[in-house]
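Taking it in order: structure first as structure tokens, then the write-up.
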Amino acid sequence: MEDAGFVIGSYVVVFGGIAAYAATMISRARRLARRVPDADKPWT
Amino acid sequence: MAEPSRWIRLHRTRAIAAKDLRVELRGRVLLNQVIPFSVLVLVLFGFAVDDDGIAQRVAPGLIWMATLFSLLVMVQRTFAVEAADGALDSLRVAGVDPTVIFWGKAMALAVQLAVLEIVLFAAAIVLFAPTLRVSGVALLAATWIVSTAGLALVGTLYGGLTAGIQGRETLLPLLVFPVVAPVLIGATRAVESGLGTTGAAVSEGWPWIGLLTVFGAAFAAGGTLAFGPLIDD
Amino acid sequence: MANAPAGGITPTHDTGTRATQVFGTLAALGVAWLCAFGLLFSPADRDQRESVRIMYVHVPSAWVAYLAFGVTAVASALYLLRSSHSLTWDRLAGASAEIGVLFMGVTLVTGMLWGRLSWGVFWTWDARLTSTAFLFVTFLGYLAVRRLGGTQHQRAKRSAVLAMLGVLEIPLVHFSVRLWRSLHQDATVARIEGDPDLDGLMLFSLFVGLIAFTLLYVWLVIHRQRALVLEDALEAHGLDAALVERRAEAALQGGGR
């Protein structure tokens, strides 16, 4: 594929960025969730 | 309802503007610090551009860039004065409508900005030597009035938003600069037409006055509505 | 199992529920499908050739960014207009803005890469591009304002007003850049005219991308919104705990005399 660097690079930026954000955000949410009683979680 | 009449509100607005201007006249911060700073910015731009022809061509933009930097300094100053001894809270406790505070402060800021822009304009003429032409004077005057109003309204609104908060010095530019970008574009193009620096005709400048007027009207309405909720805690 | 109470520790739930599991799984499937179609199955474009593959991630991320900022604006308006002033709207606005900034960031990067291939430059002063960049910066400022501190309702009101002012600002920026560029036609870059002609499979790949990214957005927003509930609860709880501690201390000192 011509311009493979640009094309693959775009996919890496997009999915890498989203994955990195999701991983940090959800692991932080898990840490917070351990310190909060279930009564304060409207979704449970 | 004991809603103060329009006349009283106008009177209070003027009283607040007069108070801010009196603070400036006593402290002379604008005269002794902000104006020298803004002229210095122009000189530094001159160093950065380092070409007489280009400097003459971009002089209108440099005037407005220097104005924007000074606007930030002035907004911070005008709200630091209020936050220092809880003056804003005292005004609210005294029953002054936030809309009145907004317009009063914006008026005082507009007067100071107007003075600063005249000095900057004169300095740019001296430093970068663009030629004045009689046919462009009305356009320059119109640009001066509508851009000053727009900048003062936006500055007051965002100054109120960040007033009395830690770290506002760094936050204010991030919030204000994207918003005033249309003023920078419009006022620069209008002054270019007024001076003819890029070969533009005077008539090409008038659409920009329309844009600047719309901008001013939008933030006049936005500020009138939003300033109350912002400073009311 | 892991959730069984042990040693007096009550079981706790994290921000995942059945709904997020469903959305997360569907989003993952959609992304896998999109990568397969975007990189392998769909053909190269006649004019844009292979670079058209960037479109399948660029356009959906731009769509999600606009969607996210739209949700922020609507949720902010609802916070301000509803008499209940529910913090739920504020948290939805905040969660959506953060995800919008993420997607807008990747949109700008992929847009520059695509622009370099199809226009020959990373950036052009086009009205849509410029106002998109301003939208990005405006929402960076919005997120900074959310972190300023104060009470939760102060935060909510301040940021909601800021989001409303953003709604005022962006059309003005867009219009002023458009007027500016239309007067300076000579400065526009030579570009390949027109958008790519999309045939069936390309259109389908783009459609898959839009669905996958929307699911991804919903999944992220649910998690982020719940994480904000936890942050707010901890903040309120932390204040309560500190007060109780302080009172106990004062009582102890008073009782000692």
Mean Cβ count within 10 Å, highest first, over the residues of peptides B:175-187, B:72-84, C:19-31: B:175-187, B:72-84, C:19-31
Looking only at lysines whose Cα falls under 26 Å of B:Lys19's and that sit 8 or more positions away or on another chain, we get B:Lys105
Cα-based Rg of chain B per 2.2 N^0.38 Å, rounded to two decimals? 1.05
Kirkwood estimate for chain C, i.e. one over the average of 1/r between Cα atoms, Å: 21.5
As I understand it, the value is the acute angle between the Cα axis of helix A:4-35 and the longest principal axis of the Cα atoms of chain A; what does it come to in degrees, rounded to 10? 10
Rank these for me by crowding, B:His11, C:His13, going from fewest to most other beta carbons within 10 Å. B:His11, C:His13
Taking every eigenvalue of the Cα gyration tensor of region B:87-147, multiplying by 5 and rooting it, what semi-axes result, largest first, whole Å? 37, 13, 5
Folded to 0 to 90 degrees: helix C:200-256 orientation relative to chain C principal axis, Cα: 20
Net charge over other residues, Cβ less than 12 angstrom from the Cβ of C:Phe139 (K, R count +1; D, E count -1): -1
Tell me, rounded to the nearest percent, the portion of alpha carbon pairs in chain A spaced more than 17 Å apart. 55
May I ask you to sort C:Phe41, B:Phe215 by Cβ crowding, counting other Cβ atoms within 10 Å and putting the fewest first? C:Phe41, B:Phe215
Would you mind ranking B:Thr156, C:Thr132 by Cβ crowding within 10 Å, fewest neighbours first? C:Thr132, B:Thr156
State the dimensionless ratio Rg/Rh of region C:96-135 (Rg: radius of gyration of Cα atoms; Rh: Kirkwood radius). 1.02
For the protein assembly as shown, size of Cβ-based charge dipole, Lys and Arg +1, Asp and Glu -1, in debye: 1360
Taking only the Cα atoms of region C:1-141, how large is their convex hull per residue, in Å³? 174
In cubic angstrom per residue, the convex hull of region B:105-233 built on its Cα atoms measures 108
Mind checking which helices in chain B clear 18 Å along their axis (Cα) and have mean Kyte-Doolittle hydropathy of 0.0 or more, DSSP H runs only? B:35-49, B:52-84, B:98-128, B:137-162, B:168-195, B:206-231
Quote the FRET efficiency, to the nearest 0.05, computed for B:Arg14 versus B:Val134 with a Förster distance R0 of 30 Å and r equal to the Cβ-Cβ distance. 0.30
Using the 2.2 N^0.38 Å rule of thumb for compact globular proteins, work out how the protein assembly as shown stacks up: its C-alpha Rg over that value, please. 1.13
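Read-outs: derived from the displayed coordinates by stated rules, not from any lab. Quick caveat: nothing in here was measured; it's all calculated off a predicted structure. Cβ sites come from the backbone with ideal geometry, for glycine too, and all protein chains shown count toward neighbours.
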